[in-house]
Amino acid sequence: VSTQSTGSLEVAQPSKQRENFLIHNGFKKRIPDHKTAKPHISGHFTPHVILKETKTSFKQHWECYIKTSRKLEKYAAVKSQFSRELYLDQVTKYNDRANLTRLRISAHRLEIETGRYKKILRENRVCPWCELVLDAKFIENEDHLTNVCDLYAPYRQKLLSKLNLIYPSPNLFSTSTNFLQIISTSQSTPDDKQIHAARLIARFLTNCLRSREHFLDSLKAPRICS
């Protein structure tokens, strides 16, 4: 026992005094051994409850954000419920699936998005093809790419022909069809027609984005004057 001598008296150190106090008052037995003690699990905050509350909070934030963000206008239009999209399993080719996702969440390189980074007014984020070839100023957004722009007309007509073969109902698909909305249609058990349609639309988007990239690269290439 560590003591401190004061003349003929021996006084215990403060740490020893504290231990003696706890033992004398019965508190020593109430202090758990840190080697054997286990945390007390709350009945109100179980892992299940915490996970559930976290999901609920995130879902509420997600719903509020997509309704108020101008960047996610297209996403809010095609995303009807908080759930996993079926096309993620239906479209097996990575590039097609990635391009489809980019168009849905506005993570692409269209002028409507890149113009936002450059602080260009929304009405001035025009399609470079239409401005150069047609001398027309159309805002280059997702709908313009899928339904309007003449640069992608061959791919669009090919897609419509195939979709109308899959679904033979007259006038079911046209140039005004919301292709991204078709893919977002939720079914617990999608049939072969829906899976085939999702893959066709995803490939159509890949072809459009690739064609746009080639066109923009051609504008950057040096021109040889004859």
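Note on the stretch 47-138: enclosed helices (runs of 4 or more DSSP H) holding 1 or more residues that are farther than 20 Å from S184 by Cβ and in contact with a Phe, Trp or Tyr (Cβ under 8 Å, 6 or more places away or on another chain) are 128-133.
Residues of the stretch 125-166 that are closer than 19 Å to F204 by Cα, open to solvent by 20 Å² or more (accessible area, probe 1.4 Å) and not polar (S, T, N, Q): W129, D143, V148, D150, L151, A153, P154, Y155, K158, K162, L165, I166. Considering each residue of the stretch 114-124 in turn, at least one proves to be touching a residue at least 40 places away in the same chain (Cβ under 8 Å), open to solvent by 40 Å² or more (accessible area, probe 1.4 Å) and out of contact with any Asp or Glu (no Cβ under 7 Å at 6 or more places or on another chain). Within the stretch 67-96, residues that are without any contact (Cβ under 8 Å) to a residue 60 or more places away in the chain reach partners that are assigned to a helix (DSSP H, G or I) and of a type in the set (S, T, Y) with beta carbons closer than 9 Å, at six or more positions or on different chains, in the pairs S69/Y75; L72/Y65; L88/T101. In the stretch 168-187, of all residues being of a type outside the set (V, I, T) and surrounded by 15 or more Cβ atoms within 10 Å (Cβ to Cβ), the one that is farthest from N99 (Cα to Cα) corresponds to F173.
The values are calculated or read from the model by the stated rules, or taken from the named source; none is laboratory data. Every value quoted in this text rests on a predicted model; they were computed, and no experiment measured them. When we count neighbours, we look across all protein chains shown, and the Cβ atoms used for this are built from the backbone with ideal geometry, even at glycine. Please note that ligands, DNA and RNA were not included when accessible areas were found on the heavy atoms of the full protein model with its side chains. Shrake-Rupley method; radii C 1.70, N 1.55, O 1.52, S 1.80 Å.
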